[in-house]
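The values are calculated or read from the model by the stated rules, or taken from the named source; none is laboratory data. Here the structure is a predicted model, which means the values were calculated and not measured. Please note: Cβ atoms are built from the backbone with ideal geometry, for glycine as well, and neighbour counts cover all protein chains shown.
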């Protein structure tokens, strides 16, 4: 057994000799999964916690007796134990990484009188890891009977079970400035002298002694790779022929094909540098299993990321997607630039002004417009939320508030996200099903002429007034997790003037005016207009499904022949279908899309047909169709269903003669 002499105080109180262990090689690591520090310790270094704690109870009985409930113990032995958690902190030296494993044990004690009793005890088992690839040693254990205080001090970032940093929202700014102080010691003095500080990825990589190379990857989806150890890269030469090259540690490879614009390349290089800063310890830990981890491939183009709460790879990607913005757009310098531009526009934060500022920051700092947009939001310029929004795969017009944009609020929600929220929250579903709000350009807008108009072919759009008074006419949502998929929290809407607006769904107006005032009259007028367009029909719909469909056909001036053509079926087939007692949910959804009905009318028809949505993926897709019904065609819906391997709306086995070619609505 090898021992190390600890001259430094790691909590042991003096010079101590402790065992040193290395990977036993008995277990082979699974390349498909990462390992926690505790798994590395027990599965690959052979540390036996039962033996470790058992020896401690025998040798340190005086210390054990100081614990509550153990005062009378003469002897103690371990009956069982289980692992609780790992406690550590980020950014420790790789040759001296302290990790505490919290273990709860069931201990049997014997008194002087030979009485026996059982107690639970918590142990802190501390190890010092030397993660350097040439060493890979585990020094310890140092055992403490109870965790009296958190080992992470104020201002230090904790690490999780995989030795990855746990960054809260407020930590990103701190970590970014720590990196700047380390690699750009001159930046603080430059800012204090009134200079604006701009950093670029290549310069940061050079200061970190990282080599950046532009290559053609064999995998066309890869944007970048960073190497922590020697490893092979699959590349393409100038003729497109594949070859393998060994890459040295500390190398960043950037895709020439996927990083053609300066902004994408700059942010990708910075992204890789962030991986080296934040995640190096994780990869060195994995190497201690005997697995030759050498590089990490990330930022895969055209791949939808789904971040799980505890997935280490997803955790890494989330943090390294977010941190570059804090480095490439340093807070003080960026704020000074924005404030100067706003002053030039007399402080007006209109959509046009905010779009110009986003573009200016993007060009000056060599970042994408989307990165510039979200950085401005985090710096307190919430009006940027309404600029350059993409909903359901398309760009929507810029929009702004009539006054200051509320913090943490977005008025934009995709049909998919709205469907998820409607599935989870009956209050929200009830709110949008009453006919007062219409889904237009990614917003739930008041269904009034002042805010919503239609093109010649019936497609709704927001008026210019609505786009500059979005807070007056559209529901607002509390948005969270901007660098992942946005999460729209559940909540309730305030409905009376005596109840403050504390919910997550904010209506575009509140009943706050006093009777007799001009504003009071305007509010009353708003409510009188809520029946605009479909409202009157909604309340007058017959209670019979088939009669209701005929009433809608009459209202819209559409014949049954035209409806049959839109559905891709024969007229006689449609007539036969409409006479059935129990129409299927798929058929009703198809009719609603063919008639391009507002969502609340579609909900009513489904109710009249005797159907109801259930919490399953296919019905989730149906509801999304209904949100987009005024822009979709039946044929487009059929294509989407076919792509996902789901049955078509009008071609299931029990529909017999309803089969037919699906044609687009012109």
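Brief remarks on what is shown
- Condition met for residue 133 (without any contact (Cβ under 8 Å) to a residue 24 or more places away in the chain and assigned by TED's automatic domain parsing to the domain that holds residue 22): no
- Of the candidates 167, 163, the single residue that is closer than 30 Å to residue 126 by Cα, in contact with a strand residue (DSSP E or B) (Cβ under 8 Å, 6 or more places away or on another chain) and assigned to a loop (DSSP other than H, G, I, E, B) is 163.
- Any chance residue 408 is touching a residue at least 12 places away in the same chain (Cβ under 8 Å), in contact with a strand residue (DSSP E or B) (Cβ under 6 Å, 6 or more places away or on another chain) and surrounded by fewer than 19 Cβ atoms within 10 Å (Cβ to Cβ): yes
- Criterion: surrounded by fewer than 16 Cβ atoms within 10 Å (Cβ to Cβ) and modelled with pLDDT under 80 - qualifying residue of 516, 535: 516
- On inspection, residue 244 fails the criterion of being free of Cβ contacts under 8 Å to residues at least 12 places away in the same chain and either in contact with a strand residue (DSSP E or B) (Cβ under 6 Å, 6 or more places away or on another chain) or loosely packed, with under 13 Cβ neighbours inside 10 Å (or both).
- Qualifying residue in the stretch 561-572 (condition: assigned to a helix (DSSP H, G or I) and within 24 Å of residue 444 (Cβ to Cβ)): no
- Within the stretch 56-75, restricting attention to residues that are surrounded by 14 or more Cβ atoms within 10 Å (Cβ to Cβ) and without any contact (Cβ under 8 Å) to a residue 60 or more places away in the chain, the residue that is nearest to residue 279 (Cα to Cα) is 57.
- Residues of the stretch 196-234 classified as within 30 Å of residue 335 (Cβ to Cβ) and touching a residue at least 40 places away in the same chain (Cβ under 8 Å), total: 14
- Of residues in the stretch 110-156 being in contact with a helix residue (DSSP H, G or I) (Cβ under 7 Å, 6 or more places away or on another chain) and closer than 19 Å to residue 51 by Cβ, the one modelled with the lowest pLDDT: 145
- When residue 557 is tested against (1) at pLDDT below 85; (2) surrounded by 14 or more Cβ atoms within 10 Å (Cβ to Cβ), exactly one condition is not met: (2).
- Of all the residues in the stretch 419-442, those that are more than 22 Å from residue 453 (Cα to Cα) and in contact with a strand residue (DSSP E or B) (Cβ under 7 Å, 6 or more places away or on another chain) number 1.
- Among the residues of this structure, residue 370 does not count as one that is in contact (Cβ under 8 Å) with a residue 60 or more places away in the chain and surrounded by fewer than 23 Cβ atoms within 10 Å (Cβ to Cβ).
- Considering (1) closer than 16 Å to residue 19 by Cα; (2) surrounded by fewer than 19 Cβ atoms within 10 Å (Cβ to Cβ), the lone condition that residue 49 does not fulfil carries the number (2).
- Filter result (modelled with pLDDT of 85 or more and within 43 Å of the chain's Cα centre (by Cα)) within the stretch 1-18: 8, 9, 10
- Hits in the stretch 76-94 (condition: surrounded by 14 or more Cβ atoms within 10 Å (Cβ to Cβ) and within 17 Å of residue 138 (Cβ to Cβ)): 83, 86, 87, 88, 92, 94
- Looking only at residues of the stretch 203-226 that are closer than 23 Å to residue 362 by Cβ and touching a helix residue (DSSP H, G or I) at 6+ places or on another chain (Cβ under 6 Å), we find that the one that is surrounded by the most Cβ atoms within 10 Å (Cβ to Cβ) is 204.
- Screening residue 275 with (1) surrounded by 15 or more Cβ atoms within 10 Å (Cβ to Cβ); (2) at pLDDT 90 or above; (3) part of a strand (DSSP E or B) gives one miss only, at (3).
- Flag if residue 446 is touching a residue at least 60 places away in the same chain (Cβ under 8 Å), surrounded by fewer than 22 Cβ atoms within 10 Å (Cβ to Cβ) and touching a strand residue (DSSP E or B) at 6+ places or on another chain (Cβ under 8 Å): no
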